[in-house]
Amino acid sequence: MSAAVRPEAGPVVAVGGAAIDRTPAPVKDWAIREFGTNDKLVLQLGILAVLALLALVLGLVALRRRLVGAAGVLLFGVIGALAATGRPDSTGFRDAFPSLAGSVVGAGLLYGLSGRLATASTSDVDRADAPPSSGDVSSADRPAPAEWNRRGFVVAATVAAAASAGVGALGKSFNASRGKEAVASREAVELPAPASPARAVPGGAQVRVPGVSSFTTSNKDFYRVDTALVVPKVNADTWSLRIRGEGVTRATRLSFADLLGRELIERDITLTCVSNEVGGPYVGNARWLGVRLADLLTECGVVPPSRGGLADQLVARSVDGMTIGTPVDDVMDGRDAMLALGMNGRPLPFTHGFPVRMLVPGLYGYVSACKWIEDIELTTFDAYDPYWVKRDWARRAPIKTQSRIDTPKPFARPKAGTVMVAGVAWAQHRGIDKVEVRVDDGPWRSADLAAEDTRDTWRQWSYPWRATPGGHTLTVRATDRTGAVQTARRTRTIPDGASGRHSVVVTVD
Ligand SMILES: Nc1nc2c(c(=O)[nH]1)N[C@H]1C(S)=C(S)[C@@H](COP(=O)(O)O)O[C@H]1N2
Ligand SMILES: [Mo]
């Protein structure tokens, strides 16, 4: 049912999505932490489990009170419909259809079937109550309805189950074929060579210590954070991007071929999520290929506010209704803000925004990195609050200077002697100047900095520690090129990113 409309509008996805939208930030952070990228699967399974339980309860209720049972099913349809239409990507009533239609059919079935079952069991009771003296009455002489009704129930229920499975399968295959076009369009992409290639990553950028992150994160290992329960499968051949709004003198619509045909830049950029806890995994570094966004905006007549332009906020919209607001000044100040088409030499994976996503070095993903982008609107911070800002996250969010110990792992038991402590530090677009390590309450000692790739990428570091037996706490801090030292003050991720220092406790044997 839902499958044939939009997978995103199905009751489970809609309720799940609405749950995500309404989940208080601490709970959301907790869920992301506990379940990692599996949190969405956990959520969907949870909803299905709750639905199964409710179906059981409603079924039992329906045996006694058919109308109440049926009304219960309808109520769930209404909840699903409200959830679907309330999602950021809702296209209106169309999205309410799967839940409503499904629940009307379901309620009708429950009403009809429970009626049959009720007559069947009443007849059974009648028969059991029949006087034994009438033992000569053969079953053939018994009134047929009981048998017929029980068989009728089984037949009708089977037909209903088969029909709903059939409708589900039809919808799935319909979607699969839509998905197939998107997959084919992605497979057909041939990424052109960049007019402005990235320089080779310096050999010394990767610290040769086991357990340290790889300098370039593979597409497969790159973290994923988004609100999409169903990954949007966009067909690049029919996709287009609109640029419009305040101060745009030449509104534009660009196709994927238009973007591929332009001068492309290739850059290493480290992306970080504002939901990343101190020491957390939501940071990754990739080689991106794309179109310089500032050039496109200039062609459209956009002037940054620092030079008298009207719009100070660029709002990017995705095909799934996400809205992400970025300062126009940041996009146009000379940094390598881009509309990315390629990631590590491949077209963007669907999970990372195929066909096109935005990237702005130095800003957290939720204020810069719109995936599956299809619309750019120039506006003001006063006039519009995007998705996460409506949910109490900061309007502006430059990435905070952070560092992480990759090795040793928490509660490791290294042998006494020289233990290599190593990890990564980042302060995108400012650059890392220094990393220091402290053992217990001792003095801060400078770590060895690996070669810098660019100031938009993370930087690795290592520190040979003379480890003595016993329990020890290792702490790291970074200093960025503005001279700012990573603060010790711990804050939550909301509203503008976690601050504080990463510590690891180990026991040296
Ligand atoms: N359409 C869309 N784009 C999005 C998001 C989203 O939920 N929907 N999440 C943003 C956030 S919070 C981050 S941190 C980055 C993560 O990008 P990645 O999943 O490719 O690592 O995407 C950003 N772009
Ligand atoms: Mo994020």
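Readers should treat all values here as calculations from the given coordinates under stated rules, not as data from a laboratory. If you're wondering where the values come from, they're calculated on a predicted model, not measured in any experiment. Cβ placement follows ideal geometry from the backbone for every residue including glycine, while neighbour counts extend to all protein chains displayed.
Take the alpha-carbon centre of the range 355-403, take the same for the range 418-459, and report the distance between them in whole Å.
Comparing the Cα centres of the range 355-403 and the range 418-459, I get a distance of 27 Å.
Using +1 at the C-beta of Lys and Arg and -1 at the C-beta of Asp and Glu, which of 363, 328, 427 has the Cα lying farthest in the positive direction of the dipole of the range 326-439?
The residue sitting most towards the positive pole is 427.
For the range 423-467, build the convex hull from the C-alpha positions and give me its volume per residue in Å³. All intermediate terms of the calculation are to be shown ahead of the outcome.
Numbers: hull volume 3.1 nm³, N = 45.
In the range 423-467, the Cα convex hull volume per residue is 70 Å³.
Can you give the relative contact order of the range 307-386 as a percent, counting alpha carbon pairs under 8 Å and 6+ residues apart? Intermediate results must be reported in sequence, preceding the final value.
Values: 143 pairs, mean separation 32.4, N = 80.
Over the range 307-386, the number comes to 40 percent.
Return the ratio Rg/(2.2 N^0.38 Å) for the range 158-257, where Rg is computed over Cα atoms only. Don't skip to the answer; put the middle values down first.
Values: Rg = 21.8 Å, N = 100, 2.2 N^0.38 = 12.7 Å.
Normalised Rg, Cα atoms only: 1.72.
Applying the Karplus parametrisation 6.51 cos²θ - 1.76 cosθ + 1.60 with θ = phi - 60° to the phi angles of the range 306-321, what ³J(HN,Hα) value in whole Hz is obtained for each residue in order, glycine and proline being reported as x?
So the Karplus estimates, Gly and Pro as x, are 5, 10, x, x, 7, 8, 10, 10, 9, 9, 9, 10, 9, 4, 9, x Hz.
Using 27 Å as the Cα-Cα cut-off, could you pick out the over-long pairs in 220/434; 233/400; 40/233?
Working: 220/434 30 Å; 233/400 33 Å; 40/233 17 Å.
Long pairs (Cα-Cα over 27 Å): 220/434; 233/400.
What distance in nm lies between label points placed 7 Å from Cα along the C-beta direction at residue 507 and residue 52?
4.0 nm
Roughly how many debye, to the nearest 20, is the charge dipole of the range 203-391 about its Cα centre, given +1 on each Lys and Arg Cβ, -1 on each Asp and Glu Cβ, and no other charges?
Details: 20 positive and 22 negative charges, 102 e Å.
Approximately 480 debye in magnitude.
Working from the pairwise distances between different alpha carbons, so that the mean of 1/r is found and then inverted, what is the range 354-509's Kirkwood radius in Å?
On the way: mean 1/r = 0.0572 Å⁻¹.
Mean inverse Cα-Cα distance, inverted, gives 17.5 Å.
With 27 Å as the cut-off, how large is the P(r) tail for the range 203-391, expressed as percent of Cα-Cα pairs? Don't jump to the answer; show the numbers that get you there.
On the way: 4520 of 17766 pairs.
Of all Cα-Cα distances in the range 203-391, 25 percent exceed 27 Å.
Work out, step by step, the length gained on full extension between residue 384 and residue 416: first 0.36 nm times the residue separation, then minus their alpha carbon distance; give nm to one decimal. Write out the running numbers ahead of the final one.
Details: separation 32, 0.36 × 32 = 11.52 nm, distance 5.74 nm.
Working it through step by step, the gained length comes to 5.8 nm.
Once you order the gyration tensor axes a ≥ b ≥ c over the Cα atoms, which shape class does the range 232-282 get: rounded for a/c under 1.5, otherwise prolate or oblate by comparing a/b with b/c?
Verdict is prolate for the range 232-282.
At 7 Å along Cα-to-Cβ for each site, give me the label-to-label distance between residue 488 and residue 63 in nm.
That separation, rounded to one decimal, is 6.6 nm.
Testing the spin-label approximation: label points 7 Å from Cα along Cα→Cβ at residue 238 and residue 78. State their distance in nm.
Result for the modelled spin labels: 3.5 nm.
Can you tally the net charge around residue 289? Count Lys and Arg as +1, Asp and Glu as -1, for every other residue whose Cβ sits under 13 Å from the Cβ of residue 289.
Values: positive: 262, 267, 287, 292, 346, 357; negative: 190, 263, 266, 268, 336.
Once positives and negatives cancel, what remains is +1.
Quick check on packing: order 191-204, 350-363, 490-503, 457-470 by the mean number of other C-beta atoms within 10 Å, highest mean leading.
On the way: 191-204: 12.4, 350-363: 24.3, 490-503: 17.9, 457-470: 19.8.
Highest to lowest by the protection proxy: 350-363, 457-470, 490-503, 191-204.
For the range 402-508, give the magnitude of the charge dipole about the Cα centre (Cβ charges: +1 Lys/Arg, -1 Asp/Glu; no others), in debye to the nearest 20. List each step's numbers first, then the result.
On the way: 17 positive and 11 negative charges, 62 e Å.
Charge dipole, the range 402-508, about its Cα centre: 300 debye, nearest 20.
Taking neighbour Cβ counts within 10 Å as the exposure measure, how do 377, 190, 181, 299 sort from fewest upward? Before the final figure, lay out the partial values.
Numbers: 377 20, 190 6, 181 15, 299 12.
In increasing order of surrounding Cβ atoms, one gets 190, 299, 181, 377.
With +1 on each Lys and Arg Cβ and -1 on each Asp and Glu Cβ, and nothing else charged, work out how big the dipole of the range 370-440 is about its Cα centre, in Debye to the nearest 20.
Numbers: 13 positive and 10 negative charges, 113 e Å.
In total the dipole reaches around 540 debye.
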